[in-house]
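Trainee: Take this structure first; my questions come after.
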Amino acid sequence: MRHIKKNDMVFVISGKDKGKTGKVIKVFLDEAQALIQGINFVKKHQRRTQQDQQGGIIQKEMPVSISKLLLVCPKCNKPNRSKAKVLEDGSRLRLCSKCNEIIP
C-alpha cells in the first residue's frame with residue numbers, strides 16, 4: 001500500500017526544500033517519486049516552437065523521492081508516519097500515528 005497518494009498534503013524532510021509543505025499533484029510508482037505543488041523548482045531552457053511562441057528560461061516542478069516526504073495529518077496538522085490497518089473485508093486504511101485518526 002502506498003503511504004502517499006494524489007491530493008495528500010506532505011512535508012519535505014530533506015533536500016533544498018526542507019521544511020516546506022505542499023500538495024501532491026502526481027505519484028510515479030515505478031520511480032518511487034512524487035510531483036508536489038510548489039516544491040523542487042528547476043530552471044529549464046526551452047526552445048521556441050510552433051505551439052509556444054515564447055522561448056527562454058522557464059521554472060518547472062520536478063519529482064521528489066517519496067522517502068523524503070512525510071504525510072501531514074488533516075486533523076492534527078502535524079507531519080508523521082502513517083500506520084496501516086487491515087479490516088476484516090481485506091481493505092486497508094491509513095491512520096495518523098499521533099492522533100489515530102483515519103486519513104482519507
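The values are calculated or read from the model by the stated rules, or taken from the named source; none is laboratory data. If you're wondering where the values come from, they're calculated on a predicted model, not measured in any experiment. Here the Cβ is made from the backbone with ideal geometry for all residues, glycine too, and neighbour counts use every protein chain on show.
Trainee: Which residues, taken from region 1-37, are of a type in the set (S, T, N, Q), part of a strand (DSSP E or B) and either in contact with a helix residue (DSSP H, G or I) (Cβ under 9 Å, 6 or more places away or on another chain) or free of Cβ contacts under 8 Å to residues at least 12 places away in the same chain (or both)?
Mentor: Residue satisfying the conditions is GLN33 alone.
Trainee: Continuing with the same structure: Can you find a residue that is within 16 Å of VAL24 (Cα to Cα) and not basic (Lys, Arg) anywhere in region 92-103?
Mentor: Checking region 92-103: at least one residue is within 16 Å of VAL24 (Cα to Cα) and not basic (Lys, Arg).
Trainee: Let me ask another. Being touching a Ser or Thr at 6+ places or on another chain (Cβ under 6 Å), of a type in the set (Lys, Arg) and closer than 28 Å to PRO104 by Cα is the requirement here; does LYS75 meet it?
Mentor: It is false that LYS75 is touching a Ser or Thr at 6+ places or on another chain (Cβ under 6 Å), of a type in the set (Lys, Arg) and closer than 28 Å to PRO104 by Cα.
Trainee: List pairs: first in region 80-104 and polar (S, T, N, Q), second assigned to a loop (DSSP other than H, G, I, E, B), Cβ under 8 Å, 6+ apart or cross-chain?
Mentor: ASN80/CYS73; ASN80/SER97; ASN80/LYS98; SER82/HIS3; SER82/SER97; SER97/ARG81
Trainee: Looking at region 76-104, which of its residues are of a type in the set (S, T, N, Q) and not in a strand (DSSP E or B)?
Mentor: Across region 76-104, the qualifying residues are ASN77, SER91, SER97, ASN100.
Trainee: Now for a different question. Take region 38-75 and flag every residue that is surrounded by fewer than 12 Cβ atoms within 10 Å (Cβ to Cβ) and in a loop (DSSP other than H, G, I, E, B).
Mentor: ARG47, ARG48, THR49, GLN50, GLN51, ASP52, GLN53, GLN54, GLY55
Trainee: Tell me, which residue of region 49-68 that is closer than 30 Å to LYS18 by Cβ and of a type in the set (Ser, Thr, Tyr) is farthest from the chain's Cα centre (by Cα)?
Mentor: Checking each candidate, the answer is SER67.
Trainee: Further question on the same structure: Could you look through region 58-91, keep only residues that are among the small types (Gly, Ala, Ser) and touching a strand residue (DSSP E or B) at 6+ places or on another chain (Cβ under 9 Å), and pick out the one that is modelled with the highest pLDDT?
Mentor: The selected residue is SER65.
Trainee: Here's a follow-up. Every residue in region 76-104 that is among the basic types (Lys, Arg), exposed (fewer than 13 other Cβ atoms within 10 Å of the Cβ) and under 17 Å from THR21 (Cβ atoms), please.
Mentor: ARG81
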